[in-house]
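Visitor: First, the structure itself, so that you have it in front of you.
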């Protein structure tokens with residue numbers, strides 16, 4: 001009986017200890033849960049660093065810095081419970097960067113390289129992701145009435161690499177600055193030696209830079225009188241790496257009206273008189289656009305849903321034969337409003353005028369002459385150049401279609417192309433230039 005009572009007493013004590021232990025563990029777990037979910041302010045020498053969720057975040061960062069830099073921050077970094085649950089929180093990575101900057105330590109950064117060439121140092125993986133999104137948004141063409149943009153593919157040069165390295169905080173770059181640097185490209189310099197038959201106009205076209213840019217880097221050279229053997233400094237931008245985008249864009253676009261033509265044998269061939277004005281229609285157009293480094297290299301209409309019918313114009317066209325000689329008087333090469341004028345634009349020389357109009361709007365030869373170029377011309381996209389044989393040449397850029405080829409003789413008013421947005425373009429328009437002996441002229445002083 002005595003033995004039974006002793007056993008029961010021991011069991012009661014063991015049960016009580018078990019209950020107390022269970023209660024302690026429960027309280028510890030609750031306390032740990034509270035510490036993990038509570039908001040804390042992080043301070044260094046009375047300076048507020050930021051707010052975190054849970055003390056474990058601070059502990060992890062201090063342990064990491066001690067392991068990588070051999071510095072114990074336990075005495076300098078304090079955490080204080082915060083009652084306001086609406087405080088802006090920083091994550092573990094942000095806290096590490098802030099503490100490293102505070103103690104003037106090297107910080108982990110995303111170093112972006114192409115091959116062995118470093119092109120950017122970013123604060124985090126998130127900044128790198130923001131950079132990629134920024135490039136997408138900057139490279140995709142903007143249309144006035146865009147309804148939807150669907151990026152089908154986005155490809156970056158396979159040689160683009162990112163690595164995490166510890167660097168001085170001063171080396172970390174702003175995302176927007178990096179995006180601007182990448183979009184502008186790297187400056188490449190070369191010396192070009194003038195050859196027989198060269199003109200500054202041809203050199204400009206072959207090198208893909210404007211005459212104004214050549215003049216900027218060669219202030220002591222008379223570009224109107226270049227000589228064989230003379231050295232010209234060519235400075236141009238090349239991309240750091242290739243960015244290819246395949247995108248579908250849905251937008252409301254004007255539908256160009258057609259011309260009903262009436263022929264008059266008493267009028268000179270190429271002369272045109274509008275009898276009835278036309279009016280553009282409207283359609284919901286889905287386009288597939290392929291972009292390389294910001295240049296539209298291909299544009300295909302996937303579908304078109306007519307919203308408003310265009311009203312066709314009626315024009316009288318002369319058929320009386322005249323000699324294929326230039327008149328020196330230029331007609332307006334396409335209809336549409338002037339969206340950009342000749343002169344300084346965005347810090348550079350705009351060497352022509354831009355006539356905005358829907359894709360497919362006809363482009364006509366501004367005067368009689370010979371087509372000396374028809375094809376792809378760098379930032380001009382699909383382009384035609386006509387030599388009028390009297391020192392004048394005209395250029396028609398960003399076309400969607402070309403209807404004439406190099407070597408063709410054309411008359412004033414002849415259909416040669418259709419408006420588009422190829423090359424470096426922000427929307428469908430015709431970029432039109434007039435050059436006299438290679439020097440850009442204001443087209444509005446010549447168009448009659």
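Visitor: In the list 384, 434, 416, which residue meets the criterion of being in contact with a helix residue (DSSP H, G or I) (Cβ under 8 Å, 6 or more places away or on another chain) and under 29 Å from residue 313 (Cβ atoms)?
Guide: The unique qualifying residue is 434.
Visitor: Which condition does residue 204 not pass, out of (1) under 30 Å from residue 103 (Cβ atoms); (2) assigned to a helix (DSSP H, G or I), if it passes all the others?
Guide: (1)
Visitor: For the structure I just gave you, tell me whether residue 133 is loosely packed, with under 12 Cβ neighbours inside 10 Å, out of contact with any strand residue (DSSP E or B) (no Cβ under 6 Å at 6 or more places or on another chain) and farther than 27 Å from residue 435 by Cα.
Guide: no
Visitor: Only one of (1) in a strand (DSSP E or B); (2) under 32 Å from the mean Cα position of the chain (by Cα); (3) over 18 Å from residue 149 (Cα atoms) fails for residue 274. Which number is that?
Guide: That leaves (2) as the condition not met.
Yes/no matrix, rows are residues, columns are (1) in a strand (DSSP E or B); (2) surrounded by fewer than 17 Cβ atoms within 10 Å (Cβ to Cβ); (3) at pLDDT below 90; (4) outside the structural domain of residue 310 (by TED's automatic domain parsing):
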residue	(1), (2), (3), (4)
334	no, no, no, no
339	yes, yes, yes, no
367	no, no, no, no
374	yes, no, no, no
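Visitor: Here is a further query. Taking segment 214-228 on its own, how many of its residues are in contact with a strand residue (DSSP E or B) (Cβ under 8 Å, 6 or more places away or on another chain), touching a residue at least 24 places away in the same chain (Cβ under 8 Å) and either surrounded by 18 or more Cβ atoms within 10 Å (Cβ to Cβ) or farther than 16 Å from residue 440 by Cβ (or both)?
Guide: Result for segment 214-228: 1.
Visitor: Filter segment 34-46 for residues that are at pLDDT below 90 and at negative phi; which is surrounded by the most Cβ atoms within 10 Å (Cβ to Cβ)?
Guide: The residue in question is 38.
Visitor: Now for a separate question. For segment 221-262, what are the residues that are within 18 Å of residue 210 (Cα to Cα) and part of a loop (DSSP other than H, G, I, E, B)? Full working, then the answer.
Guide: Within segment 221-262, the subset within 18 Å of residue 210 (Cα to Cα) is 221-226, 231-239.
Selection gives 221, 222, 226, 239.
Visitor: Checking the condition modelled with pLDDT under 90 and in a strand (DSSP E or B), which residue from 191, 142, 147 passes?
Guide: So the residue among 191, 142, 147 that is modelled with pLDDT under 90 and in a strand (DSSP E or B) is 147.
Visitor: Looking at 114, 97, can you tell me which residue is in contact (Cβ under 8 Å) with a residue 12 or more places away in the chain, under 30 Å from residue 67 (Cβ atoms) and either touching a helix residue (DSSP H, G or I) at 6+ places or on another chain (Cβ under 6 Å) or surrounded by 13 or more Cβ atoms within 10 Å (Cβ to Cβ) (or both)?
Guide: Of 114, 97, the one residue that is in contact (Cβ under 8 Å) with a residue 12 or more places away in the chain, under 30 Å from residue 67 (Cβ atoms) and either touching a helix residue (DSSP H, G or I) at 6+ places or on another chain (Cβ under 6 Å) or surrounded by 13 or more Cβ atoms within 10 Å (Cβ to Cβ) (or both) is 97.
Visitor: Right, here's the next one. Report, by residue number, each residue of segment 389-400 that is assigned to a loop (DSSP other than H, G, I, E, B) and either surrounded by 22 or more Cβ atoms within 10 Å (Cβ to Cβ) or at pLDDT 90 or above (or both). Show your work before the answer.
Guide: Of segment 389-400, the ones assigned to a loop (DSSP other than H, G, I, E, B) are 389-391, 400.
Listed by number, the list holds a single entry, 400.
Visitor: Here's another thing I want to ask about it. When the residues of segment 401-420 are narrowed to those that are farther than 21 Å from residue 338 by Cβ and assigned to a loop (DSSP other than H, G, I, E, B), which ends up modelled with the lowest pLDDT?
Guide: 411
Visitor: In addition: Return yes when residue 426 is assigned by TED's automatic domain parsing to the domain that holds residue 297 and assigned to a helix (DSSP H, G or I) and no when it is not.
Guide: Details: assigned by TED's automatic domain parsing to the domain that holds residue 297: yes; assigned to a helix (DSSP H, G or I): no.
For residue 426, the condition - assigned by TED's automatic domain parsing to the domain that holds residue 297 and assigned to a helix (DSSP H, G or I) - is not met.
Visitor: Select from segment 181-195 the residues that are surrounded by 15 or more Cβ atoms within 10 Å (Cβ to Cβ) and closer than 14 Å to residue 209 by Cβ and list them in ascending order.
Guide: Within segment 181-195, 185, 192 qualify.
Visitor: Quick one: which residue in 146, 199 is under 30 Å from residue 222 (Cα atoms), touching a residue at least 60 places away in the same chain (Cβ under 8 Å) and surrounded by fewer than 18 Cβ atoms within 10 Å (Cβ to Cβ)?
Guide: The conditions single out 199.
Visitor: Okay, next question. Tell me whether segment 109-118 contains one or more residues that are more than 30 Å from the chain's Cα centre (by Cα) and farther than 16 Å from residue 174 by Cβ.
Guide: The answer is no; no qualifying residue exists.
The values are calculated or read from the model by the stated rules, or taken from the named source; none is laboratory data. Fair warning: this is a prediction, and the values are worked out from it, not measured in the lab. Methodologically, a virtual Cβ is constructed for each residue, glycine included, from the backbone with ideal geometry; neighbour enumeration extends over all protein chains shown.
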